[in-house]
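Just so it is clear, none of the values below were taken in a lab; they were calculated from the coordinates. Only a predicted model underlies this, so the values are computations on that prediction, with no experimental measurement involved. Neighbour counts run over all protein chains shown; Cβ positions are idealised from the backbone, glycine included.
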Amino acid sequence: MTEYLQAAEAYREQVAQFLRDIIRLPSPSCGEKEVAERVVAEMRMLGYSEAFIDPMGNAVGRVGNGAVRLVLDAHMDTVGVGNPSAWPHDPYEGKLENDIVFGRGASDNKGALAAQVYAGKVLAERGLDGADVSVFIVGTVMEEDCDGLALGYVLQETIPDVRAVVLGECTNLDVFRGHRGRMEMKVVTTGISSHASAPERGDNAVTHMAPIVLAIDSLNERLAEDTFLGKGTVATTKIECDTASLNAIPDSCAIYLDRRLTAGETRALALEQIQDLLADGARVEILTYAEPSHTGFVLETAKYYPTWTLDEDHPLVTAGLAAGEAALGRKPATSRWTFSTNGVSSAGELGIPTIGFGPSEEKWAHTVLDQCPVDHLVASIAYYAALPRALEGLS
Ligand SMILES: [Zn+2]
């Protein structure tokens with residue numbers, strides 16, 4: 001057993017209990033107050049030198065005072081539970097069975113949150129292995145609603161000059177280095193209302209939308225493919241129209257598009273591809289997000305989440321793999337996520353080197369079998385504790 005695993009093993013029961021405790025505090029996006037307070041209380045109990053909630057509502061703890069600033073990020077919010085009767089157990093009970101913790105958020109992303117909070121304790125005990133590093137443990141808000149928004153705020157306002165970010169999103173204990181980006185768009189067509197008994201007097205906005213919907217399906221087939229990230233996609237996910245009545249011709253119609261962006265696909269390109277499908281009188285726009293956080297903080301942003309990848313030979317990937325070897329006694333594989341993460345802001349917008357390492361697997365996220373093995377919590381604590389020494393070569 002490695003020295004890091006040995007140190008992490010001492011907290012096996014506590015970290016599992018802490019995960020169960022925070023699963024019992026439901027935390028939808030914009031409703032993370034209780035979890036944030038619990039996280040900060042745990043950090044203080046564990047002897048963190050600093051632990052606070054920032055103005056946006058993110059929980060932030062600090063260990064060490066070195067020059068190289070490292071952020072460990074896990075988001076505190078979860079999606080809802082859907083139909084509660086579809087669950088084999090209470091999603092908010094924090095069930096522990098066969099050394100696996102079950103419940104909403106166990107995999108996405110409270111398992112990593114619990115492991116990172118306890119990693120802070122191990123990091124402090126080890127004096128960060130003497131490395132010239134400060135580690136900030138961050139529980140972010142609103143990731144499920146607007147990935148990247150809160151971490152982007154933290155990296156610009158709460159903790160500037162961060163050199164590297166490690167996301168705790170599920171990687172099944174491997175090292176991930178990117179994912180496709182995404183965008184939410186709305187296409188609007190307009191027409192002229194008339195009595196539906198004489199459609200020829202009007203101009204039907206829904207009819208104008210019909211060829212656009214079909215053209216979007218065929219655009220999807222032509223989109224670029226990337227061997228590492230996968231294919232870009234576009235799909236119509238909602239349609240609505242404005243009509244005076246069921247006996248009137250609609251004068252406005254809107255569709256919503258989910259666009260996944262692969263390597264090389266930018267916001268401008270994705271907009272232009274839709275624009276090219278539109279006749280006069282139709283328009284496309286990117287949706288915006290402007291929900292208040294649990295502290296009432298509003299940060300309006302376009303729903304554009306850029307693609308990002310860190311090169312396989314980037315020093316942070318090398319350091320991330322070295323930490324895996326030191327902590328787990330094996331070299332992790334490198335891969336990428338299928339879903340999107342807070343990396344859209346840290347790496348995609350701000351260009352801060354970012355990798356991921358986290359407990360559990362993406363396949364359990366947002367499912368009724370949401371789960372995290374306790375062994376993964378312990379391994380993740382060991383991994384995060386091994387990062388400062390591995391990062392020392394990072395310029
Ligand atoms: Zn997540």
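Find the relative contact order for the range 34-85 and round it to a whole percent, using C-alpha pairs within less than 8 Å whose residues are 6+ positions apart. Present the calculation step by step, with values, prior to reporting the outcome.
Numbers: 40 pairs, mean separation 14.5, N = 52.
This gives 28 percent for the range 34-85.
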Order of Ser360, Ser134 under a 10 Å beta carbon neighbour criterion, fewest first: Ser134, Ser360
Likely footprinting exposure, Arg259, Arg330, Arg24, Arg38, fewest C-beta neighbours within 10 Å first: Arg330, Arg24, Arg38, Arg259
Length released on extending from Arg283 to Ala198, taking residue separation times 0.36 nm less the Cα-Cα span: 27.9 nm
Using θ = phi - 60° and Karplus 6.51 cos²θ - 1.76 cosθ + 1.60, couplings along the range 30-37 (whole Hz; Gly, Pro as x): 6, x, 9, 3, 5, 5, 4, 5
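Which of rounded, prolate or oblate describes the range 28-72 when judged by the alpha-carbon gyration tensor and an a/c cut-off of 1.5?
Numbers: a/c = 2.86, a/b = 1.59, b/c = 1.80.
Oblate is the answer for the range 28-72, as a/c is 1.5 or above yet b/c matches or exceeds a/b.
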At R0 = 25 Å, FRET efficiency that the Cβ-Cβ distance of Thr207 and Val79 yields, to 0.05: 0.10
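If you stretched the chain out fully between Ala86 and Ala254, how much longer would it get, using 0.36 nm times the residue separation minus the C-alpha to C-alpha distance?
Numbers: separation 168, 0.36 × 168 = 60.48 nm, distance 3.28 nm.
Gain in length upon complete extension: 57.2 nm.
Checking the a/c ratio against 1.5 first, then a/b against b/c, what shape does the Cα gyration tensor give for the chain?
Values: a/c = 2.32, a/b = 1.90, b/c = 1.22.
Prolate, since a/c reaches 1.5 and a/b exceeds b/c.
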Charged-residue dipole, Cβ positions (Lys, Arg, Asp, Glu), the range 53-152 about Cα centre, Debye nearest 20: 320 debye
Alpha-carbon centroids, the range 97-121 and the range 171-217: separation in whole Å: 39 Å
Average Cα contact separation per residue, the chain, under 8 Å, 6 or more apart, as relative contact order %: 26 percent
Exposure proxy order (Cβ contacts within 10 Å, fewest to most) of Cys30, Cys372, Cys146: Cys30, Cys146, Cys372
Gain upon complete extension [Glu34, Asp161; 0.36 nm per residue less C-alpha separation]: 42.8 nm
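If a/c stays under 1.5 just call it rounded; otherwise compare a/b with b/c (prolate if a/b is bigger, oblate if not). Do that for the range 1-135, with a ≥ b ≥ c from the square roots of the Cα gyration tensor eigenvalues.
oblate
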Calculated FRET value between Thr190 and Met45, using beta carbons and R₀ = 51 Å, to 0.05: 0.30
No Cys partner within the rule (Cβ under 4.7 Å), the chain: Cys30, Cys146, Cys170, Cys372
Estimated 222 nm signal from helices in the chain, with DSSP H stretches of n ≥ 4 weighted -39500 (n - 2.57), rounded to 500: -9000 deg cm²/dmol
Hz values of 3J(HN,Hα) by residue in the range 122-129 - Karplus curve (6.51, -1.76, 1.60), Gly and Pro given as x: 5, 4, 5, 4, 8, x, 6, 6
Cβ-based charge dipole, the chain, positive-most Cα from Gly181, Leu46, Val68: Leu46
Lys, Arg +1 and Asp, Glu -1 on Cβ, resulting dipole of the chain about Cα centre, debye, nearest 20: 340 debye
Lysines whose Cα lies under 24 Å from that of Lys231, excluding same-chain neighbours fewer than 8 positions away: Lys186, Lys303, Lys363
